[in-house]
Amino acid sequence: GILLLPAGLIKGTLGVPIRPIAGFLECASKVSQGFALLCLGKEGIEGNIPHRVRAPDVFQEQAQLKSIAESEHEGNLEKWKDTLVKLAPEFQKDTLIHYLDLDPASSKKRNTLLFTKAHKIILIGCREKKQ
């Protein structure tokens with residue numbers, strides 16, 4: 001018993017401040033759980049609430065805008081095919097794949113890069129004259 005007396009005293013002395021701290025932490029945990037129940041409900045705490053990341057309408061609008069941009073791009077591609085054949089008839093057999101406007105902000109000067117299957121062509125535009 002004499003050897004166990006100091007161990008019991010140390011355990012009791014450490015338990016005096018630890019018990020209230022543990023009680024305070026448990027109280028804070030229960031209060032935060034109560035706020036979670038109030039805000040989210042039981043399903044929210046259990047993780048059963050379906051989370052909508054983006055409204056379905058947004059996807060439809062993006063698909064419509066993409067299809068409009070693609071059809072506009074296809075129309076412009078056809079125009080560039082016709083223009084390329086008029087400028088250089090030797091490219092009539094070559095297939096135009098893509099075009100890129102190098103100066104999209106400038107409406108007066110237009111430089112364009114054309115991509116065909118076999119060539120990369122740079123068209124350097126001139127300034128448009130006002131009439």
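Which residue pairs have Cβ atoms closer than 6 Å, lie 6 or more positions apart in sequence or on different chains, and pair a first residue in the stretch 106-129 that is under 22 Å from Glu78 (Cβ atoms) and at pLDDT 75 or above with a second residue that is part of a strand (DSSP E or B) and open to solvent by 30 Å² or more (accessible area, probe 1.4 Å)?
As it stands, the answer is Asn111/Ile124; Thr112/Asp101; Thr112/Leu123; Leu113/Leu100; Leu113/Ile122; Phe115/Ile97; Phe115/His98, since those pairs meet every condition given.
What's the number of the condition Asp94 fails, among (1) modelled with pLDDT under 80; (2) open to solvent by less than 80 Å² (accessible area, probe 1.4 Å); (3) out of contact with any Phe, Trp or Tyr (no Cβ under 7 Å at 6 or more places or on another chain)?
All conditions are met except number (1).
The values are calculated or read from the model by the stated rules, or taken from the named source; none is laboratory data. Small disclaimer: the values here were computed from a predicted structure and weren't measured. Virtual Cβ from ideal backbone geometry, glycine too; neighbours counted across all protein chains shown. What goes into the accessible areas is simple: the full protein's heavy atoms, side chains included, and nothing from ligands, DNA or RNA. Shrake-Rupley method; radii C 1.70, N 1.55, O 1.52, S 1.80 Å.
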